[in-house]
Amino acid sequence: SQTIHQWPATLVQPVGSPLSLECTVEGTSNPNLYWYRQAAGRGLQLLFYSIGIDQISSEVPQNLSASRPQDRQFILSSKKLLLSDSGFYLCAWSLGLGVYEQYFGPGTRLTVT
Amino acid sequence: AQSVTQLDSQVPVFEEAPVELRCNYSSSVSVYLFWYVQYPNQGLQLLLKYLSGSTLVKGINGFEAEFNKSQTSFHLRKPSVHISDTAEYFCAVTLTQGGSEKLVFGKGTKLTVNP
(Lines give C-alpha, C1' and ligand atoms only; values in the text may rest on other atoms or scores of the structure.)
Protein backbone atom coordinates (compact mmCIF):
# COMPACT_ATOMS: atom_id res chain seq x y z
CA SER A 1 0.00 0.00 0.00
CA GLN A 2 1.03 3.59 -0.51
CA THR A 3 2.20 5.85 2.30
CA ILE A 4 3.28 9.46 2.39
CA HIS A 5 5.67 10.99 4.89
CA GLN A 6 6.42 14.57 5.79
CA TRP A 7 9.04 16.01 8.07
CA PRO A 8 9.53 17.74 10.25
CA ALA A 9 6.15 17.63 11.97
CA THR A 10 6.64 21.05 13.55
CA LEU A 11 9.13 23.83 12.96
CA VAL A 12 9.75 27.24 14.51
CA GLN A 13 12.01 29.49 12.47
CA PRO A 14 13.01 33.17 12.72
CA VAL A 15 12.18 35.64 9.97
CA GLY A 16 14.88 35.65 7.29
CA SER A 17 16.04 32.08 7.92
CA PRO A 18 15.98 29.36 5.22
CA LEU A 19 13.42 26.57 5.00
CA SER A 20 13.42 23.01 3.77
CA LEU A 21 10.40 20.72 4.13
CA GLU A 22 10.52 17.20 2.77
CA CYS A 23 7.86 14.86 1.48
CA THR A 24 8.32 11.28 0.31
CA VAL A 25 5.86 8.76 -1.09
CA GLU A 26 6.23 5.00 -0.88
CA GLY A 27 4.49 2.24 -2.77
CA THR A 28 3.84 3.94 -6.10
CA SER A 29 5.78 5.16 -9.11
CA ASN A 30 5.68 8.47 -10.96
CA PRO A 31 2.98 10.05 -8.79
CA ASN A 32 1.71 13.58 -9.23
CA LEU A 33 2.89 15.56 -6.20
CA TYR A 34 1.43 18.68 -4.63
CA TRP A 35 2.36 21.23 -1.93
CA TYR A 36 -0.46 23.07 -0.19
CA ARG A 37 -0.48 25.71 2.54
CA GLN A 38 -3.32 25.98 4.99
CA ALA A 39 -3.60 29.26 6.87
CA ALA A 40 -6.18 29.76 9.59
CA GLY A 41 -9.63 30.30 8.10
CA ARG A 42 -8.38 30.32 4.53
CA GLY A 43 -8.78 26.75 3.34
CA LEU A 44 -6.14 25.05 1.22
CA GLN A 45 -3.94 27.01 -1.15
CA LEU A 46 -2.12 25.04 -3.83
CA LEU A 47 1.50 26.17 -3.98
CA PHE A 48 3.22 23.75 -6.37
CA TYR A 49 2.24 20.85 -8.58
CA SER A 50 4.56 18.31 -10.19
CA ILE A 51 3.83 15.61 -12.76
CA GLY A 52 7.41 14.32 -12.87
CA ILE A 53 11.04 14.97 -12.05
CA ASP A 54 11.96 18.55 -13.01
CA GLN A 55 8.34 19.21 -14.05
CA ILE A 56 7.03 21.62 -11.44
CA SER A 57 4.36 24.28 -11.80
CA SER A 58 4.15 27.21 -9.43
CA GLU A 59 0.61 28.27 -8.63
CA VAL A 60 1.18 31.36 -6.50
CA PRO A 61 3.96 33.96 -6.75
CA GLN A 62 5.87 33.94 -3.48
CA ASN A 63 9.28 33.47 -1.93
CA LEU A 64 8.92 29.69 -1.86
CA SER A 65 10.31 27.17 -4.34
CA ALA A 66 9.90 23.44 -4.88
CA SER A 67 12.14 20.72 -6.22
CA ARG A 68 11.73 17.06 -7.07
CA PRO A 69 15.16 15.46 -7.01
CA GLN A 70 13.74 11.93 -7.13
CA ASP A 71 10.54 10.41 -8.47
CA ARG A 72 8.92 10.13 -5.05
CA GLN A 73 10.56 13.03 -3.21
CA PHE A 74 9.22 16.57 -3.14
CA ILE A 75 10.94 19.41 -1.31
CA LEU A 76 9.61 22.84 -0.40
CA SER A 77 12.22 25.53 0.22
CA SER A 78 12.75 29.16 0.95
CA LYS A 79 15.91 31.23 1.15
CA LYS A 80 14.42 33.81 3.54
CA LEU A 81 11.23 33.20 5.48
CA LEU A 82 8.59 35.89 6.02
CA LEU A 83 6.10 36.09 8.87
CA SER A 84 3.36 35.43 6.34
CA ASP A 85 4.90 32.03 5.55
CA SER A 86 3.55 30.64 8.83
CA GLY A 87 0.96 27.94 8.36
CA PHE A 88 0.28 24.25 8.02
CA TYR A 89 2.01 22.75 4.98
CA LEU A 90 0.54 19.67 3.39
CA CYS A 91 2.03 17.40 0.76
CA ALA A 92 -0.24 15.21 -1.34
CA TRP A 93 0.07 12.69 -4.14
CA SER A 94 -2.20 11.29 -6.82
CA LEU A 95 -1.83 8.58 -9.42
CA GLY A 96 -2.39 10.97 -12.30
CA LEU A 97 -3.47 9.67 -15.70
CA GLY A 98 -7.04 10.78 -15.08
CA VAL A 99 -7.22 9.58 -11.47
CA TYR A 100 -7.89 12.75 -9.54
CA GLU A 101 -8.21 11.83 -5.89
CA GLN A 102 -5.32 13.06 -3.81
CA TYR A 103 -3.86 11.51 -0.68
CA PHE A 104 -2.38 13.75 1.95
CA GLY A 105 0.55 13.53 4.30
CA PRO A 106 0.36 14.37 8.01
CA GLY A 107 1.53 17.96 7.49
CA THR A 108 4.18 20.30 8.89
CA ARG A 109 3.25 23.13 11.25
CA LEU A 110 5.56 26.08 10.49
CA THR A 111 5.71 29.09 12.79
CA VAL A 112 7.84 32.01 11.68
CA THR A 113 8.78 34.30 14.57
CA ALA B 1 -13.26 28.27 -14.03
CA GLN B 2 -14.35 25.75 -11.47
CA SER B 3 -15.04 26.89 -7.93
CA VAL B 4 -16.48 25.43 -4.74
CA THR B 5 -18.64 27.13 -2.12
CA GLN B 6 -19.21 25.62 1.30
CA LEU B 7 -22.10 27.60 2.62
CA ASP B 8 -21.52 27.08 6.32
CA SER B 9 -18.19 27.78 7.97
CA GLN B 10 -19.31 26.20 11.27
CA VAL B 11 -22.01 23.65 12.07
CA PRO B 12 -22.73 22.71 15.71
CA VAL B 13 -24.92 19.66 16.35
CA PHE B 14 -25.77 17.37 19.22
CA GLU B 15 -24.60 13.78 19.36
CA GLU B 16 -26.87 11.31 17.53
CA ALA B 17 -28.53 14.12 15.53
CA PRO B 18 -28.46 14.12 11.73
CA VAL B 19 -26.20 16.55 9.91
CA GLU B 20 -25.90 17.99 6.41
CA LEU B 21 -22.85 19.92 5.24
CA ARG B 22 -23.57 21.90 2.10
CA CYS B 23 -21.35 22.21 -0.96
CA ASN B 24 -22.10 23.93 -4.25
CA TYR B 25 -19.80 24.04 -7.23
CA SER B 26 -19.62 25.95 -10.45
CA SER B 27 -18.35 24.34 -13.60
CA SER B 28 -19.24 24.34 -17.26
CA VAL B 29 -17.86 20.85 -17.81
CA SER B 30 -18.26 17.44 -16.26
CA VAL B 31 -16.66 17.24 -12.87
CA TYR B 32 -15.52 14.78 -10.27
CA LEU B 33 -16.39 15.68 -6.68
CA PHE B 34 -14.81 14.79 -3.36
CA TRP B 35 -15.29 15.23 0.35
CA TYR B 36 -12.32 15.18 2.71
CA VAL B 37 -12.15 15.24 6.51
CA GLN B 38 -9.39 16.83 8.57
CA TYR B 39 -8.95 16.14 12.27
CA PRO B 40 -6.97 18.71 14.30
CA ASN B 41 -3.31 18.94 13.31
CA GLN B 42 -3.61 16.12 10.78
CA GLY B 43 -3.67 15.80 7.03
CA LEU B 44 -6.82 15.42 4.96
CA GLN B 45 -8.46 12.02 4.61
CA LEU B 46 -10.68 11.11 1.67
CA LEU B 47 -14.26 10.48 2.83
CA LEU B 48 -15.94 9.78 -0.49
CA LYS B 49 -15.92 10.64 -4.16
CA TYR B 50 -18.30 10.99 -7.07
CA LEU B 51 -16.91 10.07 -10.47
CA SER B 52 -19.94 8.80 -12.40
CA GLY B 53 -22.90 6.48 -12.04
CA SER B 54 -25.21 6.53 -9.04
CA THR B 55 -25.71 10.03 -7.69
CA LEU B 56 -25.80 8.76 -4.10
CA VAL B 57 -22.30 8.00 -2.93
CA LYS B 58 -21.45 6.21 0.30
CA GLY B 59 -18.18 6.79 2.09
CA ILE B 60 -16.35 5.89 5.24
CA ASN B 61 -17.57 6.48 8.80
CA GLY B 62 -21.25 6.32 7.76
CA PHE B 63 -21.18 9.45 5.58
CA GLU B 64 -22.91 9.77 2.23
CA ALA B 65 -23.29 12.51 -0.35
CA GLU B 66 -25.68 13.15 -3.20
CA PHE B 67 -24.63 14.64 -6.51
CA ASN B 68 -27.28 16.95 -7.93
CA LYS B 69 -26.32 18.19 -11.36
CA SER B 70 -29.27 20.54 -11.82
CA GLN B 71 -28.54 22.28 -8.52
CA THR B 72 -24.76 21.92 -8.88
CA SER B 73 -24.57 20.58 -5.35
CA PHE B 74 -22.81 17.77 -3.54
CA HIS B 75 -24.07 17.87 0.04
CA LEU B 76 -22.61 15.59 2.69
CA ARG B 77 -24.93 13.84 5.15
CA LYS B 78 -24.84 11.54 8.13
CA PRO B 79 -28.02 10.30 9.85
CA SER B 80 -26.52 10.15 13.35
CA VAL B 81 -23.26 11.82 14.33
CA HIS B 82 -20.78 10.89 17.04
CA ILE B 83 -18.48 13.02 19.13
CA SER B 84 -15.62 11.58 17.08
CA ASP B 85 -17.03 13.21 13.91
CA THR B 86 -15.90 16.59 15.22
CA ALA B 87 -13.52 17.79 12.51
CA GLU B 88 -13.26 20.10 9.52
CA TYR B 89 -14.76 18.93 6.25
CA PHE B 90 -13.65 20.05 2.79
CA CYS B 91 -15.49 19.72 -0.50
CA ALA B 92 -13.38 19.62 -3.67
CA VAL B 93 -13.96 19.61 -7.43
CA THR B 94 -11.62 18.68 -10.24
CA LEU B 95 -10.00 21.51 -12.12
CA THR B 96 -9.84 20.82 -15.82
CA GLN B 97 -7.48 23.36 -17.25
CA GLY B 98 -4.74 22.73 -19.75
CA GLY B 99 -4.68 19.01 -19.00
CA SER B 100 -3.86 19.57 -15.36
CA GLU B 101 -5.09 17.17 -12.71
CA LYS B 102 -5.74 19.43 -9.78
CA LEU B 103 -8.47 19.89 -7.22
CA VAL B 104 -10.17 23.09 -6.15
CA PHE B 105 -11.13 23.05 -2.47
CA GLY B 106 -13.82 24.89 -0.59
CA LYS B 107 -12.89 26.83 2.52
CA GLY B 108 -14.10 24.11 4.82
CA THR B 109 -16.89 23.54 7.34
CA LYS B 110 -16.06 22.94 10.99
CA LEU B 111 -18.41 20.35 12.43
CA THR B 112 -18.66 20.33 16.21
CA VAL B 113 -20.59 17.49 17.81
CA ASN B 114 -21.70 18.27 21.35
CA PRO B 115 -22.78 15.72 23.98
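The values are calculated or read from the model by the stated rules, or taken from the named source; none is laboratory data. Keep in mind that this is a model prediction, so the values were computed, not measured. Cβ: placed from backbone, ideal geometry, glycine included. Neighbour counts: every protein chain shown. Remember, those area values only see protein heavy atoms, side chains included, never the ligands or the DNA or RNA. Shrake-Rupley method; radii C 1.70, N 1.55, O 1.52, S 1.80 Å.
Need one number for chain A: average projected area of the convex hull over its C-alpha atoms, nm². Please report the intermediate quantities before stating the final value.
Working: hull surface 26.8 nm².
Seen from a random direction, the Cα hull of chain A projects 6.7 nm² on average.
With 40 Å² as the minimum drop in accessible area between chain alone and full protein complex (1.4 Å probe), the qualifying residues in segment A:46-61 are A:Y49. With Cα atoms defining each centre, segment B:30-83 and segment A:1-67 are spaced 25 Å apart in the structure. Accessible surface calculations at 1.4 Å, restricted to protein heavy atoms, place the protein assembly as shown at 48 Å² per residue.
The smallest convex shape that holds all Cα atoms of the protein assembly as shown, its convex hull, gives 126 Å³ per residue.
Given a 1.4 Å probe and no ligands, DNA or RNA in the count, how much accessible surface is buried by A and B, both sides, to the nearest 100 Å²? Spell out each step's value before the answer.
Details: alone 6150 and 6550 Å², together 10970 Å².
So the buried area, both faces added, is about 1700 Å².
Within the shell defined by Cβ-Cβ distances under 10 Å, the residues around A:G16 carry a net charge of +2, with Lys and Arg each +1 and Asp and Glu each -1.
Report, to the nearest whole %, how much of the accessible area of the protein assembly as shown belongs to carbon and sulfur atoms, 1.4 Å probe, protein only. Kindly include the intermediate steps, with their values, before the conclusion.
Working: 5700 of 10970 Å².
So the carbon and sulfur contribution to the accessible surface is 52 percent.
May I ask for the Rg/Rh ratio of chain B, computed from Cα atoms with Rh as the Kirkwood radius, given to two decimals?
Numbers: Rg = 13.8 Å, Rh = 14.3 Å.
When Rh is taken as the Kirkwood radius, the ratio is 0.97.
Mind putting a number on the dipole of the protein assembly as shown about its Cα centre? Charges go on the C-beta only, +1 for Lys and Arg and -1 for Asp and Glu, and I need it in Debye to the nearest 20. Show your work: numbers first, answer last.
Working: 16 positive and 16 negative charges, 76 e Å.
Once rounded to the nearest 20, the dipole reads 360 debye.
Extending 7 Å from Cα along the Cβ direction at B:K110 and again at A:Q13 yields two label points whose distance is 2.7 nm. In this structure the amide hydrogen of B:L95, modeled in the peptide plane, comes within under 5 Å of the amide hydrogens of B:K102, B:L103, B:V104, none closer than 5 places in sequence on its chain. Take every Cα pair under 8 Å whose residues are at least 6 apart in sequence, average their separation, divide by the length of segment A:1-88, and the relative contact order is 33 percent.
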